[in-house]
Amino acid sequence: MTLRFAPSDTAAIPLHVVSSDGLEAWLSLQPDNIRNWVSSCGFTGAMGTALMCPGADGHPIAAVAGYGTEVQRRRQRFVLAGAVSKLAPGTYEIVGGIADDQLPTETLGWLLEGYRFTKYAGQNAKARALVAPSGVDAAQVESLAAAEALTRDLINIPAIDMGPEALEQAARDLADTFSAEISVTTGDALLENNFPMIHTVGRAADQAPRLIDMTWGQSGPKLTLVGKGVCFDTGGLNLKPGASMGLMKKDMGGAANVLGLARMIMQANLPVQLRVLIPAVENSVAGNSFRPGDILTSRKGLTVEINNTDAEGRLVLADALALADEDNPDLIVSMATLTGAARVAVGPDLAPFYCDDDTLATDLQSTGNRMADPLWRMPFWEPYETMIEPGIADLDNAPAGGFAGSITAALFLRRFVEQSRYAHFDIYGWQPKPAPGRSKGGLGQGCRAIFAALPEALGL
């Protein structure tokens, strides 16, 4: 699928974007035929509405899209995208009604409204193309859309076709596209190379566990992205109920997101030394599954008591984070569909993140707002450190009681990063119901915000 703007020389239908409270003023400037048509059709400028305006021969000479009220726009991302499906198929050019600083977001939303997951069933939608408005960096908006489409596709593919082997291939395909280097440590080689927890979590599956390591860029600050690649999570011996297992194809959403973010970075040719680490496993049930009560020794040497085999994501991330920290990069970012507690705290629409660097955290929240990629900062709350210290081992992978589950998971991960600046994102990676620019299914969260914050964060 290609989410791109129409060529600038394409014949396009003028599209007027009109707010509810600006309708009368706009109508007063229109010729009689447009004014009378819009009024007679009862168009009010309501958000998510659209109207085609015919000429004398019946063909459209203009279109109008409702932009709602200011209060409504504050509550909705990608407002214009909500009207796209109401327009007739064709090519459009925005001729007014959207502030210049909102055009990049609204045009991105338009492109994302065209996303369809078609691997298993055709969903041929009639195209509503858009000519990039003057002043919009069309190439960057298209790059953001392409990265989002990659992330969504990877999450939407079920585990039968997106196991550790396929996730590795997706990373290799991306590396080939941008001439990146990639190496993969697989199966028992994980033990030989001191990645014991990745091996332990994934050893019960038919497809061997692996650590994917992709690098790109020869100079500049070092940036390492670590994504949870649990391609399916049964819960292990602490088996999930069937209803909870239904969406576990998305448990590699952290990996899908870091690959999408890496695509943005490489497409933009940012002057960084990029590294992407993905522990790719399937948490399955077999005779050699790891057990509650087991004590594992991590790459870092910290011991971990297993109190629940369904808290496996932090285990595979821990080995990858320890490796990342050994290289002492300027910034480490981890992304993972890690805890249900995060969803209870902020719901599916916000991506909570943890960061001890106040300046970076402030920048991330600011860019999240600007890029229509909202974030919410959560605390590395040190008084809860004792909750992840069981006494029999250095760390507990699943503290009892259920309180502060997202925070204790973040504190667990932070134990494996000592030298580098670190930000952790506990994402959902899923859109529960359709919304403008966001079809139901896999979703990128946090990537656009991180991408926009990198120049400041890394001094580029």
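The values are calculated or read from the model by the stated rules, or taken from the named source; none is laboratory data. These figures come from a predicted structure and were not determined experimentally. Cβ atoms come from the backbone with ideal geometry, glycine included; neighbour counts cover every protein chain shown. These area figures cover heavy atoms from the full protein model, side chains too; ligands, DNA and RNA do not enter into them. Shrake-Rupley method; radii C 1.70, N 1.55, O 1.52, S 1.80 Å.
Before moving on, here are some points about what is shown:
- Remark: the range 378-460 carries a charge dipole of roughly 660 debye about the Cα centre, counting +1 on each Lys and Arg Cβ and -1 on each Asp and Glu Cβ.
- Each Lys or Arg adds one and each Asp or Glu takes one away; over the other residues whose Cβ falls under 12 Å from the Cβ of ALA208, this sums to -3.
- Span from the the range 381-454 Cα centroid across to the the range 1-58 one, whole angstrom: 44
- In this Cβ point-charge picture (+1 for Lys and Arg, -1 for Asp and Glu), the range 117-167 has a dipole of about 300 debye about its Cα centre.
- For the range 1-72, with +1 on Lys and Arg beta carbons and -1 on Asp and Glu, the positive-most of PRO31, ALA65, LEU3 along the dipole: LEU3
- When Rg and the Kirkwood Rh are both derived from Cα coordinates, the Rg/Rh ratio for the range 111-245 amounts to 1.04.
- Alpha carbon centroid spacing (whole Å) that separates the range 132-192 from the range 255-325: 17
- Among 393-399, 335-341, sorting by the average number of other beta carbon atoms lying within 10 angstrom of each residue, highest first, gives 335-341, 393-399.
- Share of Cα-Cα pairs in the range 212-268 lying beyond 16 Å, as whole percent: 54
- Here, P(r) means the percent of Cα pairs in each 10 Å bin from 0 to the largest distance; for the range 11-161 it is 10, 38, 33, 14, 4, 1.
- Evaluating 6.51 cos²θ - 1.76 cosθ + 1.60 at θ = phi - 60° for every residue in the range 190-195, the Karplus couplings come out as 4, 5, 5, 9, 6, 10 Hz, glycine and proline recorded as x.
- Working note: 222 nm ellipticity from helices only, DSSP H runs with n ≥ 4, each -39,500 (n - 2.57), summed and divided by the residues of the chain, gives -9500 deg cm²/dmol to the nearest 500.
- Cα pair distances of the range 25-67 binned at 5 Å [whole percent]: 5, 22, 35, 26, 10, 2
- Cα-centre dipole for the range 231-314 with unit charges at Cβ (Lys and Arg positive, Asp and Glu negative), debye to 20: 300
- Dipole of the chain computed with +1 at Lys/Arg Cβ and -1 at Asp/Glu Cβ about the Cα centre; of SER244, LEU270, SER289, farthest Cα towards the positive end is SER244.
- Percent of beta bridges antiparallel (DSSP, the chain, rounded to nearest 5): 40
- Nearest 10 degrees, 0 to 90: helix 164-177 Cα axis against the chain principal axis: 60
- With contacts taken as Cα pairs under 8 Å and at least 6 residues apart, the range 190-332 reaches a relative contact order of 38 percent.
- THR91 accessible area, 1.4 Å probe, all protein chains in place, Å² to nearest 10: 30
- Area of ILE182 that stays accessible when all protein chains are in place (1.4 Å probe, Å², to 10): 40
- Net charge of the neighbourhood of MET252, taken over other residues with C-beta under 13 Å away and scored Lys/Arg +1, Asp/Glu -1, is -3.
- Cα-based helix-to-principal-axis angle, 405-414 vs the chain, degrees rounded to 10: 70
- Semi-axes of the equivalent ellipsoid for the chain, computed as √(5λ) from the eigenvalues of its C-alpha gyration tensor and ordered from largest down, come to 44, 21, 21 Å.
- Solvent exposure ordering (accessible area, 1.4 Å, most first) of SER406, SER134: SER134, SER406
- Within-11-Å neighbourhood charge of ALA129 [Cβ basis; K, R +1; D, E -1]: +2
- Heavy-atom SASA rank of ASP310, ASP325, ASP356 (probe 1.4 Å, accessible area, largest first): ASP356, ASP310, ASP325
- Using alpha-carbon coordinates, inclination of helix 253-267 to the longest axis of the chain, degrees: 60
- Alpha-carbon Debye profile of the range 372-427, log10 I(q)/I(0) at 0.15, 0.16, 0.23, 0.30 Å⁻¹: -0.46, -0.52, -0.96, -1.36
- Selection from THR362, PHE425, PRO348, by position along the positive dipole direction of the range 316-429 (Cβ): PRO348
- The order of LYS86, LYS228, LYS240 by accessible area, most exposed first and with a 1.4 Å probe, is LYS86, LYS240, LYS228.
- A viscosity of 0.890 mPa s and a temperature of 25 °C, combined with the Kirkwood radius over C-alpha pairs in the Stokes-Einstein formula, give the range 237-342 a diffusion coefficient of 156 µm²/s.
- Pairwise centroid distance, computed over Cα atoms, of the range 96-129 with the range 208-236, Å: 29
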